[in-house]
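The values are calculated or read from the model by the stated rules, or taken from the named source; none is laboratory data. Note that this is a predicted model, so its numbers are computed, not measured. Reconstructed Cβ throughout: ideal geometry from the backbone, glycine too, with neighbour counts over all protein chains shown. For accessibility, only protein heavy atoms count, side chains too; no ligands or nucleic acids. Shrake-Rupley method; radii C 1.70, N 1.55, O 1.52, S 1.80 Å.
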Amino acid sequence: MKKTLLFIVFVITFLSNSIFVNAAVISKNSQDTNFDKAFYIEHYIYGNSAEDSNVQTQSTTKTITKTKKSVAKNSSGDILWSVTIKATFSYDGETSKCTSYSHSTSSPGKSWSIKSSSYSKSGNSATVKATAIHKGTDGTEKSYSRSVTIKCSPSGVIS
């Protein structure tokens, strides 16, 4: 019984750690010049590895699905608002194309809200644009816009 329980704990620990293996902070700007010094932006790219889109036909075209997230945090590391875009790309070493995409926004920070968002795709990229609103204690509102683009190279490199 102890061995079974130990094995289950090991498997759960292994799986929970491997889920985030592909997640990485790709940049962190402590004082982004487009924003107040009250918060900073972190960018993440995570998702699956490249997959053969059609293994049976010896196709050289592969697909990859990745998510890019831009997160605004305060100096304590609390998330104020975020913009996320998930896209699937096909690529063959010579060209790449965005085949599907979706987006989401959130504003868990106190006195923050998302005013608007829009998204589009073109060729080998997809973009989401969002505007967050911060309502000050004096009732004034200040807006911050963020654009996040995810792009795939012909060799399947996501940026």
Out of curiosity, is Thr137 surrounded by fewer than 17 Cβ atoms within 10 Å (Cβ to Cβ) and farther than 20 Å from Thr65 by Cα? yes
Going through segment 148-159 one residue at a time, which ones are surrounded by fewer than 13 Cβ atoms within 10 Å (Cβ to Cβ) and within 22 Å of Lys69 (Cβ to Cβ)? Val157, Ser159
Within segment 22-40, can one find any residue that is among the polar types (S, T, N, Q), open to solvent by less than 90 Å² (accessible area, probe 1.4 Å) and at pLDDT 55 or above? no
